[in-house]
Amino acid sequence: MTQAILGEFRKFFSTRAWFVLLGAMAAYVAFGAGLMAILMITAANISDGASLPLTAADTVYTVPASLAYVFPALIGTMAVTAEYRHQTLTPTFLAEPRRVIVLGAKMIASLPMGLAYGIVGGVFAVGTGAAVLAIGGLDTGLSDPHTFRNTALGAITLMLWTAIGVGFGALVRNQVAAIVILLGFNQLIEPVLRMIPMMTGHGAHLTQFLPGAAGEALSGGSGILGLDVSMQTLPPWAGALTMLGYALVFALIGYAVSFRRDVS
């Protein structure tokens, strides 16, 4: 198992995809954190000093887990689908015939990659966000241990998103289809679903279990301007278990219906 994990971990660095996605995520997080900080400054000015739903720092520094989680999810998904696309899964299975070990190794090897993405995302969010908040005259929160707790939980959130990506990649073998579905759900379908409780007043008890909402619950994220659109969130530990559940369910179903198929 150890050799399988090491082999799968090395595969992440066999192409430049991990580096390209990491660079894109860093730029996206820096832009998102800066923009969110500007919005928080504007909201504070409009409210004439009235308290915001959450502190500006809480909202800005959790941008990686709230908005940029698709990047580690993609790198996890591609860890599986790229092998189908480039037909390298056959030699992988020849080296390790036990397919459940291969899938488990991919899942475990994805965790440090996801954690690295989370750390980089946290650095760029805090660095850019704190600078803009300071310029705007708002508290940066850098002296508050709560800030760094949420940043650390954000890194764990992105780590779990990478595991979810691996499970989803095992379920949807076609790389293009998997990426389109993942992007469509994370960037369009889930945000729309999470707006329903705000507009109707119903369904918040269900939308809090969506993967993005669970990630925000774990990291302390709060949606746009500190207002979680579902108006109801899980405790952090429940958010973590929900995300882990998605990863395991996707992986188990993917293994049962897809991963065991003939790949030749």
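The values are calculated or read from the model by the stated rules, or taken from the named source; none is laboratory data. Source: prediction; values computed, not measured. We place every Cβ from the backbone using ideal geometry, glycine too, and count neighbours over all the protein chains shown.
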So, first residue closer than 23 Å to Ala251 by Cα in segment 147-166, second residue among the charged types (D, E, K, R), Cβ within less than 7 Å, six or more apart or across chains; the pairs are Val166/Lys106
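For the structure I just gave you, tell me whether Tyr117 is at pLDDT 95 or above, of a type outside the set (Asp, Glu), more than 16 Å from Gly169 (Cα to Cα) and surrounded by 17 or more Cβ atoms within 10 Å (Cβ to Cβ).
Against the criterion (at pLDDT 95 or above, of a type outside the set (Asp, Glu), more than 16 Å from Gly169 (Cα to Cα) and surrounded by 17 or more Cβ atoms within 10 Å (Cβ to Cβ)), Tyr117 qualifies.
Of the residues Ala109, Ala73, only one is part of a helix (DSSP H, G or I), over 20 Å from Leu183 (Cα atoms) and out of contact with any Cys (no Cβ under 6 Å at 6 or more places or on another chain); which? Working first, answer last.
Working: Ala73 fails: over 20 Å from Leu183 (Cα atoms).
Of the residues listed, the single one that is part of a helix (DSSP H, G or I), over 20 Å from Leu183 (Cα atoms) and out of contact with any Cys (no Cβ under 6 Å at 6 or more places or on another chain) is Ala109.
Let's see how each residue does on (1) touching a helix residue (DSSP H, G or I) at 6+ places or on another chain (Cβ under 6 Å); (2) assigned to a loop (DSSP other than H, G, I, E, B):
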position: Ala131; (1), (2): no, no
position: Ala134; (1), (2): no, no
position: Gly137; (1), (2): no, yes
position: His146; (1), (2): no, no
position: Thr151; (1), (2): yes, no
position: Gly154; (1), (2): yes, no
position: Leu158; (1), (2): yes, no
position: Trp161; (1), (2): yes, no
Listing of helices (runs of 4 or more DSSP H) fully contained in segment 171-264 that carry 2 or more residues being modelled with pLDDT under 85 and over 20 Å from the mean Cα position of the chain (by Cα) = 190-200, 204-207
How about segment 141-192: which of its residues are of a type in the set (Asp, Glu) and surrounded by 15 or more Cβ atoms within 10 Å (Cβ to Cβ)?
-> Glu190
Total residues in segment 12-32, condition in a helix (DSSP H, G or I) and either in contact with a Gly (Cβ under 8 Å, 6 or more places away or on another chain) or of a type in the set (A, V, I, L, M, F, W, C) (or both) = 14
So Thr81, is it hydroxyl-bearing (Ser, Thr, Tyr) and either surrounded by 21 or more Cβ atoms within 10 Å (Cβ to Cβ) or closer than 26 Å to Met159 by Cβ (or both) | yes
Inspect segment 124-134 for any residue being out of contact with any Lys or Arg (no Cβ under 9 Å at 6 or more places or on another chain), closer than 25 Å to Leu244 by Cβ and surrounded by fewer than 20 Cβ atoms within 10 Å (Cβ to Cβ) and give the result as yes or no.
-> no
Asn150 passes all but one of the listed conditions (1) among the polar types (S, T, N, Q); (2) closer than 21 Å to Ala240 by Cβ; (3) at pLDDT 90 or above; the exception is number (3)
Quick one: which of Val102, Val80 is closer than 23 Å to Ile181 by Cα and not hydroxyl-bearing (Ser, Thr, Tyr)?
-> Val80
